[in-house]
Amino acid sequence: MKQYVLDQLRESDYLKIMEYLGKNAEESVFSELFWIKLPPELYTQTQKEHSQCHPFRFAVNLTRNDAAFELLIRTPQAMRCACIGYANQKQRDYILDFADKMLDKLEIKL
């Protein structure tokens, strides 16, 4: 799995990120897995055509030691579909920016 990983989190970092994601992401059935919706203007042509698969999103897996931002763009509607795939450059930039802005907002220095 391709991921952007923020590692060596302190306990205080973990708690800040958990609270932030609780407010700014969709929680999953797993307590430390969150879903972030991808803005529709970043959808690929195939993703735009698959309106039944909207919204597209990426996962953030938070543990006490790290936060892993997955670079796989998924749909909650299906496990396999042609519209599911690794982020293109614009989508990847959005994911990295989301992570970096979160760190800035929370004043976390890694």
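The values are calculated or read from the model by the stated rules, or taken from the named source; none is laboratory data. Note that this is a predicted model, so its numbers are computed, not measured. So basically every Cβ, Gly included, is an ideal-geometry build from the backbone, and we count neighbours across all protein chains shown. For the accessible areas, the whole protein counts, side chains as well, though only heavy atoms, and no ligand, DNA or RNA atoms are used. Shrake-Rupley method; radii C 1.70, N 1.55, O 1.52, S 1.80 Å.
Put simply, of 14, 43, 4, 20 the only residue that is touching a strand residue (DSSP E or B) at 6+ places or on another chain (Cβ under 6 Å) and open to solvent by less than 70 Å² (accessible area, probe 1.4 Å) is 4. Of the listed requirements (1) in contact (Cβ under 8 Å) with a residue 60 or more places away in the chain; (2) part of a helix (DSSP H, G or I), residue 69 misses just one: (2).
No other residue among 48, 16, 37 is within 12 Å of the chain's Cα centre (by Cα), modelled with pLDDT of 95 or more and basic (Lys, Arg) apart from 37.
For residue 32, the criteria (1) crowded, with 18+ Cβ neighbours inside 10 Å; (2) under 27 Å from residue 109 (Cα atoms); (3) in contact with a helix residue (DSSP H, G or I) (Cβ under 9 Å, 6 or more places away or on another chain) hold in every case but one, which is (1). Check off (1) surrounded by 18 or more Cβ atoms within 10 Å (Cβ to Cβ); (2) assigned to a helix (DSSP H, G or I); (3) hydrophobic (A, V, I, L, M, F, W, C) for residue 96 and give me the number that stays unchecked. Failing condition for residue 96: (1). Only one entry of 25, 78, 87, 67 meets the criterion of being out of contact with any Gly (no Cβ under 7 Å at 6 or more places or on another chain), of a type in the set (A, V, I, L, M, F, W, C) and surrounded by fewer than 18 Cβ atoms within 10 Å (Cβ to Cβ), and that entry is 78. Checked against (1) at pLDDT 95 or above; (2) out of contact with any strand residue (DSSP E or B) (no Cβ under 9 Å at 6 or more places or on another chain); (3) not in a helix (DSSP H, G or I), residue 9 passes all but a single condition, namely (2).
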